[in-house]
Amino acid sequence: MIARLLEGVPRRGLAALGALLLLLLVFPAFASGYLLSVGFLILHFAFVGQAWNIMMGFAGQLSLGHSLYVGLGAYAAAALYVHFGISPWIGLGASVGVAMIAGAVLGFLAFRFGVAGVYFAILTIAFAEFARIGFDHFSWVQGSSGFFLPVANYTTNDLWNLRGSPKMFYYLMLAMSVAAFVACHALLRSRMGYYWQAIRESPEAAQALGVNVFRYKMAAVVISAAMTSLAGVVFAFYYNNLFPEQIFHISRSIELILGPIIGGIGTLVGPLVGALLLTGLAEGMREAMLQLGVEVPGVKQVFYGICLLLVVMFLPHGVWPPLARHLGLERGAGRREER
Amino acid sequence: MSARLEVSAISKSFRGLRAVQGASFEVPAGSIVGLIGPNGAGKTTCFNMIAGVFPPDAGEVHLEGRRIDGWRPDQVCAAGVGRTFQIVKPFSGLTVLENVTVGALLRSNDVSSAQKRADEILEKLGLGPKRDLLASALTLPDRKRLEVARALATQPRLLLLDEVMAGLRPTECDQMVAVFRELNRAEGITILLIEHVMRAVMALAQRIVVLHHGEVIAQGTPEEVVRDPAVLESYLGEETEI
């Protein structure tokens, strides 16, 4: 199994990944509280970016409403915890279930009735907006006034109830990101992965080769939704407050896809590189400006805009593919090279 | 000979334009049949109805006795029909090997055995040395070969070839002809091909069906068809050299 996963992955790539993992593992020992929260954010975006990438990067279905699954996952687990004291580890089953159902309904409507391309993207936005407005009036989770988890100053880490220090959350997110990376790597090399890529490149040709396009597109949406909802669970227990206006907002959907776009759509390493670059640089810049005593509201958004602009202009396939070529790590790192 | 494919009186209109009108023909098992006719005669429309891209407005298509009209393309493919596209549709971002592996995965769950099979097919079609190139890097003749390789990877019993010789040089064309002959002889694959390159059609086809304005105007052996006055008038013309 493991031998099979490693097959064809260049040694140097493996070594680089190992080194990165080691760095991420020891990072909390040196990081301040602030840096640790930046680290958590980077991993969070790497994880959701990876999940989004399954739909867009692998199967070619553009979702601009992934905040829907983050939000559903967050609310489901948080509500079960607050109302019934159910551990998030059990609650995440509900999160995943709800997200999968939402994804399946969306996918069914779109793919059964031939909604594709831009129209599909608009449909994903509509679903997220629908959830945002719906949750604003959902009194079981306090509607628009926000849903709060009990915060206590825990000196011990209670992993079972996800109550603990940022360090615990950092390591949890790290474990999830590693798992997502490995899972996506395995998916990409499975029959499903081949079929997804075939659908992305040409649905007609894929269908002529016996691929049930509807079924595999559905699978992409449902798997992506399930993964994304897990990030929502952690999000809820990390921040302890949920507002429909924030968590389901389209700006969240956009924010989470910037990483994979800048890193490299369809690549395995892209979402990670993108999250590192974007979140790392944006937070670093904000911090540097604070040190200098300048505070400009919205500077992060402007920075995101500039990054996106530069990447689209000069690296249309993202930062990772050309970087991988320079480092000689092309194969096994996941590809979508220059056309 | 039993019929592998039986097309009975199929018709198709696009917004009032009658592309195919009551076309009927048979493809006997183990044979090679050519479908010829001038541009716009409805050849590709026929293919699309057989392959399940769209259902015929009227008429029936039977594959080995089973009615398949109205099936989805993936169902038709799974039933044993491989097709190529006249306007090639490679998976551009994937390598040549990956392209063919997608086809091979229809009959095998296991990626590595599918890859092995894909490799064999690439060798057969002379694409072996290009297996690791991206499909987008291929020349047009190679893309046509890739179309064939992908279709073959699904292990079809009936192969629909839509102008795979177009744009090939005569020697390349002869190579392809040899490949199809071999596939037909050694593996018993039945072939229905749309072709404008008469050199290839005459060399391959045991029977020829001629379409004109969506109707079958002649069918028979190549020798019969090329002497048919209606065919000469509508398609081949006087000066055709065979």
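The values are calculated or read from the model by the stated rules, or taken from the named source; none is laboratory data. Remember, predicted model here, so these are calculated numbers, not experimental data. Virtual Cβ from ideal backbone geometry, glycine too; neighbours counted across all protein chains shown.
Which number in (1) surrounded by fewer than 19 Cβ atoms within 10 Å (Cβ to Cβ); (2) among the charged types (D, E, K, R); (3) within 23 Å of the chain's Cα centre (by Cα) marks the one condition that A:ARG163 misses?
So the condition that A:ARG163 fails would be (1).
Could you tell me whether any residue of segment A:153-174 is under 28 Å from A:GLY85 (Cα atoms) and of a type in the set (Asp, Glu)? Before the answer, list the steps.
If we filter segment A:153-174 for residues that are under 28 Å from A:GLY85 (Cα atoms), which is where we start, we get A:153-174.
If we keep only those that are of a type in the set (Asp, Glu) too, we end up with A:158.
The answer is yes; a qualifying residue exists.
If you check every pair at least six apart or on different chains, which have Cβ atoms under 8 Å apart with a residue in segment A:180-204 that is of a type in the set (Gly, Ala, Ser) first and a residue that is part of a helix (DSSP H, G or I) and surrounded by fewer than 23 Cβ atoms within 10 Å (Cβ to Cβ) second?
Close Cβ pairs (under 8 Å, with a partner that is part of a helix (DSSP H, G or I) and surrounded by fewer than 23 Cβ atoms within 10 Å (Cβ to Cβ)) amount to A:ALA186/A:LEU5; A:SER190/B:VAL111; A:GLY193/A:LEU187.
Mind listing just one residue for me: the one in segment B:94-122 that is in contact (Cβ under 8 Å) with a residue 40 or more places away in the chain and crowded, with 24+ Cβ neighbours inside 10 Å and, of those, farthest from the other protein chains (Cβ to nearest Cβ)? I'd like the intermediate steps shown before the answer.
Initially, segment B:94-122 is screened for residues in contact (Cβ under 8 Å) with a residue 40 or more places away in the chain, giving B:94-96, B:99-104, B:106-107.
From what is left, the residues that are crowded, with 24+ Cβ neighbours inside 10 Å are B:96, B:99-104.
Values: B:VAL96: 13, B:ASN99: 8, B:VAL100: 10, B:THR101: 6, B:VAL102: 4, B:GLY103: 5, B:ALA104: 9 Å.
Within segment B:94-122, the match that is farthest from the other protein chains (Cβ to nearest Cβ) is B:VAL96.
Out of all the residues in segment B:191-211, which are charged (D, E, K, R) and in contact with a strand residue (DSSP E or B) (Cβ under 8 Å, 6 or more places away or on another chain)? Break it down stepwise before answering.
Filtering segment B:191-211 down to residues charged (D, E, K, R) leaves B:195, B:199, B:207.
Passing the criteria: B:GLU195, B:ARG207.
Out of segment A:132-153, which residues are assigned to a loop (DSSP other than H, G, I, E, B) and under 25 Å from the mean Cα position of the chain (by Cα)? Let's see the steps before the verdict.
Taking segment A:132-153 first, the residues assigned to a loop (DSSP other than H, G, I, E, B) are A:137-138, A:142, A:146, A:149-153.
Passing the criteria: A:GLY146, A:LEU149.
Would you point out which residue out of B:GLN21, B:GLN75 is in contact with a strand residue (DSSP E or B) (Cβ under 8 Å, 6 or more places away or on another chain) and among the polar types (S, T, N, Q)? Lay out the reasoning, then the answer.
Numbers: B:GLN75 fails: in contact with a strand residue (DSSP E or B) (Cβ under 8 Å, 6 or more places away or on another chain).
None of the other options fit; the residue is B:GLN21.
Residue by residue through segment A:104-131, note down the ones that are in a helix (DSSP H, G or I) and on the phi > 0 side of the Ramachandran plot.
Of all residues in segment A:104-131, those in a helix (DSSP H, G or I) come to A:104-112, A:117-131.
Hit for segment A:104-131 is A:GLY117, nothing else.
Mind listing just one residue for me: the one in segment A:249-283 that is free of Cβ contacts under 8 Å to residues at least 60 places away in the same chain and in contact with a helix residue (DSSP H, G or I) (Cβ under 8 Å, 6 or more places away or on another chain) and, of those, surrounded by the fewest Cβ atoms within 10 Å (Cβ to Cβ)?
The first filter runs over segment A:249-283 and keeps only residues free of Cβ contacts under 8 Å to residues at least 60 places away in the same chain, leaving A:251, A:258, A:261-262, A:273, A:277, A:281-282.
So of that shortlist, the ones also in contact with a helix residue (DSSP H, G or I) (Cβ under 8 Å, 6 or more places away or on another chain) come out as A:258, A:261-262, A:273, A:277, A:281-282.
Details: A:LEU258: 22, A:ILE261: 24, A:ILE262: 27, A:VAL273: 22, A:LEU277: 19, A:LEU281: 14, A:ALA282: 20.
Among those that are free of Cβ contacts under 8 Å to residues at least 60 places away in the same chain and in contact with a helix residue (DSSP H, G or I) (Cβ under 8 Å, 6 or more places away or on another chain), it is A:LEU281.
Is there a residue in segment A:71-82 that is under 16 Å from A:HIS249 (Cβ atoms), surrounded by 15 or more Cβ atoms within 10 Å (Cβ to Cβ) and among the aliphatic types (A, V, I, L, M)?
To start, the set of residues in segment A:71-82 that are under 16 Å from A:HIS249 (Cβ atoms) comprises A:71-75.
Adding the requirement that they be surrounded by 15 or more Cβ atoms within 10 Å (Cβ to Cβ) leaves A:71-75.
Next cut, among the aliphatic types (A, V, I, L, M) only: A:72, A:74.
Yes, segment A:71-82 contains a residue that is under 16 Å from A:HIS249 (Cβ atoms), surrounded by 15 or more Cβ atoms within 10 Å (Cβ to Cβ) and among the aliphatic types (A, V, I, L, M).
Looking only at segment B:147-189, how many residues end up being closer than 14 Å to B:VAL33 by Cα and of a type in the set (Val, Ile, Thr)?
2
Can you name the strands (runs of 3 or more DSSP E) wholly within segment B:14-63 that have at least 3 residues being at negative phi and not β-branched (Val, Ile, Thr)?
Values: elements: B:17-28, B:32-36, B:58-63.
Where strands (runs of 3 or more DSSP E) fall fully within segment B:14-63 and carry at least 3 residues being at negative phi and not β-branched (Val, Ile, Thr), they are B:17-28, B:58-63.
Residues are listed down the side, and each one gets a yes or a no for (1) in contact with a Phe, Trp or Tyr (Cβ under 7 Å, 6 or more places away or on another chain); (2) at pLDDT 85 or above; (3) more than 14 Å from every other protein chain (Cβ to nearest Cβ):
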position	(1), (2), (3)
A:VAL269	yes, yes, yes
A:ALA275	yes, yes, yes
A:LEU278	yes, yes, yes
A:ARG286	no, no, yes
A:GLY293	no, no, yes
A:VAL299	no, no, yes
A:PHE303	no, no, yes
A:LEU310	no, yes, yes
A:MET313	no, yes, yes
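Could you list all residues from segment B:174-191 that are closer than 20 Å to B:ARG83 by Cβ and of a type outside the set (Phe, Trp, Tyr)? Show your work before the answer.
Of segment B:174-191, the ones closer than 20 Å to B:ARG83 by Cβ are B:176-177, B:179-184, B:187-191.
Hits for segment B:174-191 are B:MET176, B:VAL177, B:VAL179, B:ARG181, B:GLU182, B:LEU183, B:ASN184, B:GLU187, B:GLY188, B:ILE189, B:THR190, B:ILE191.
From the list A:ALA186, A:ALA180, A:ALA231, A:ALA226, pick out the single residue that is surrounded by fewer than 22 Cβ atoms within 10 Å (Cβ to Cβ), more than 14 Å from chain B (Cβ to nearest Cβ) and either farther than 30 Å from A:ARG163 by Cβ or modelled with pLDDT of 95 or more (or both). Working first, answer last.
On the way: A:ALA186 fails: more than 14 Å from chain B (Cβ to nearest Cβ); A:ALA180 fails: surrounded by fewer than 22 Cβ atoms within 10 Å (Cβ to Cβ); A:ALA231 fails: surrounded by fewer than 22 Cβ atoms within 10 Å (Cβ to Cβ).
Exactly one residue qualifies, and that residue is A:ALA226.
If B:LEU192 meets every condition in (1) without any contact (Cβ under 8 Å) to a residue 40 or more places away in the chain; (2) away from every other protein chain (no Cβ under 13 Å); (3) aliphatic (A, V, I, L, M) apart from one, which number is that one?
Unmet condition: (1).
Is it true that some residue in segment A:198-206 is over 21 Å from B:ALA153 (Cα atoms) and surrounded by fewer than 21 Cβ atoms within 10 Å (Cβ to Cβ)? Steps first, please.
If we filter segment A:198-206 for residues that are over 21 Å from B:ALA153 (Cα atoms), which is where we start, we get none.
No: zero hits.
Looking only at segment A:84-103, which residues are small (Gly, Ala, Ser), part of a helix (DSSP H, G or I) and more than 14 Å from A:LEU242 (Cβ to Cβ)?
So in segment A:84-103, the residues small (Gly, Ala, Ser) come out as A:85, A:87, A:91, A:93-95, A:97, A:99, A:102-103.
Now narrow it down to the ones that are part of a helix (DSSP H, G or I): A:91, A:93-95, A:97, A:99, A:102-103.
Of everything in segment A:84-103, those that are small (Gly, Ala, Ser), part of a helix (DSSP H, G or I) and more than 14 Å from A:LEU242 (Cβ to Cβ) turn out to be A:GLY93, A:ALA94, A:GLY97, A:ALA99, A:ALA102, A:GLY103.
Assuming B:PHE25 fulfils every condition listed in (1) surrounded by fewer than 23 Cβ atoms within 10 Å (Cβ to Cβ); (2) of a type in the set (Phe, Trp, Tyr); (3) within 14 Å of chain A (Cβ to nearest Cβ) apart from one, which condition is it?
With (1) surrounded by fewer than 23 Cβ atoms within 10 Å (Cβ to Cβ); (2) of a type in the set (Phe, Trp, Tyr); (3) within 14 Å of chain A (Cβ to nearest Cβ) applied to B:PHE25, the lone miss is (3).
Can you tell me how many residues in segment A:86-111 are touching a residue at least 60 places away in the same chain (Cβ under 8 Å) and closer than 15 Å to A:THR228 by Cβ?
11
Would you point out which residue out of A:ARG191, A:ARG215 is within 12 Å of chain B (Cβ to nearest Cβ) and touching a Leu at 6+ places or on another chain (Cβ under 6 Å)? Step through it out loud before you land on a result.
Working: A:ARG215 fails: touching a Leu at 6+ places or on another chain (Cβ under 6 Å).
Only one candidate qualifies: A:ARG191.
Checking the condition aromatic (Phe, Trp, Tyr), facing chain A (nearest Cβ under 8 Å) and in contact with a strand residue (DSSP E or B) (Cβ under 8 Å, 6 or more places away or on another chain), which residue from B:PHE54, B:PHE85 passes? Can you show your working first?
Working: B:PHE54 fails: facing chain A (nearest Cβ under 8 Å).
Every option except B:PHE85 fails the conditions.
When only residues in segment B:43-93 that are polar (S, T, N, Q) and buried (at least 19 other Cβ atoms within 10 Å of the Cβ) count, which is nearest to A:GLU201 (Cα to Cα)? I'd like the intermediate steps shown before the answer.
Within segment B:43-93, the subset polar (S, T, N, Q) is B:44-45, B:48, B:75, B:84, B:86, B:92.
Now drop any that are not buried (at least 19 other Cβ atoms within 10 Å of the Cβ), which leaves B:44-45, B:48, B:84.
Numbers: B:THR44: 22, B:THR45: 23, B:ASN48: 20, B:THR84: 16 Å.
If we take residues in segment B:43-93 being polar (S, T, N, Q) and buried (at least 19 other Cβ atoms within 10 Å of the Cβ), then B:THR84 is nearest to A:GLU201 (Cα to Cα).
If you take the residues in segment B:134-182 that are closer than 17 Å to B:ASP119 by Cβ and more than 12 Å from chain A (Cβ to nearest Cβ), which one is surrounded by the most Cβ atoms within 10 Å (Cβ to Cβ)?
Here the residue is B:ARG145.
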